[in-house]
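Everything below concerns the one structure shown next.
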Amino acid sequence: MELLKLAALDAEDLAVISAHLQDAILRAEDLAWLPGEHRFALAARRFDWSVPPGEPPRRRLAGLHFERVLSVKAKGITPGASSGEPLSLLAITFEETEAPSGIATLVFSGGAAIRLELECIEVRLKDLGPVWQADGRPDHEAARSLVESRP
């Protein structure tokens, strides 16, 4: 069982990291903005999408950090605050402003988001070791039909 270790230096690389973190679970206290170091970091329990068919689904503890972060804005979440509410990371997007600068957005279920103003893309994702069996696989079709059936 090999540990995942990825780096992103452009939007394509960041999209790969986003795919590996889709459906990761974390809490606000797992997020840290370190303005003096221009770094934003988080620890998450990522769903391991690479599990071979027939094996039980699993989650892994992973760390992610963005370097060269100029500012952080949050909506519906306070990074570092104690909260009992788990967050589900849906995606990380990137919108270029003035190359190579841009805005990376961490999009969470429930409408929460974190916006990182970046000097450039410099991101690292690394599995930290612990792995455990997940309760089940994320079901995007069920979630979509639940949202569509609301009045």
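We did not get these values from a lab; they are worked out from the coordinates using the rules stated. What you see is a predicted model; the values in this text were computed from it and never measured. So basically every Cβ, Gly included, is an ideal-geometry build from the backbone, and we count neighbours across all protein chains shown.
Numbers below:
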| read-out | value |
| --- | --- |
| Amide H contacts of residue 122 (H built 1.01 Å from N, under 5 Å, at least 5 apart or other chain) | 67 |
| Size of charge dipole - the chain - debye, nearest 20, with Cβ of Lys, Arg +1 and Asp, Glu -1, no other charges | 480 |
| HN-Hα J in Hz across region 98-111 - Karplus 6.51, -1.76, 1.60, θ = phi - 60°, x for Gly and Pro | 10, 3, x, 6, x, 10, 9, 10, 8, 9, 10, 4, x, x |
| Kirkwood-type radius of the chain, with distances r between different C-alpha atoms, in Å | 16.1 |
| Rounded tilt (10° steps) of 11-21 against the dominant C-alpha axis of the chain | 40 |
| Where a label projected 7 Å from the Cα of residue 119 along Cα→Cβ would reach, residues of region 28-46 with amide N under 15 Å | 34-40 |
| Eligible aspartates and glutamates near residue 75 by straight Cα distance, threshold 12 Å, same-chain separation 8 or greater | none |
| Label-point gap, in nm, between residue 3 and residue 67 - each point 7 angstrom along Cα→Cβ | 1.9 |
| Computed label-point distance, nm, for sites residue 39 and residue 128 using a 7 Å Cα→Cβ extension | 1.3 |
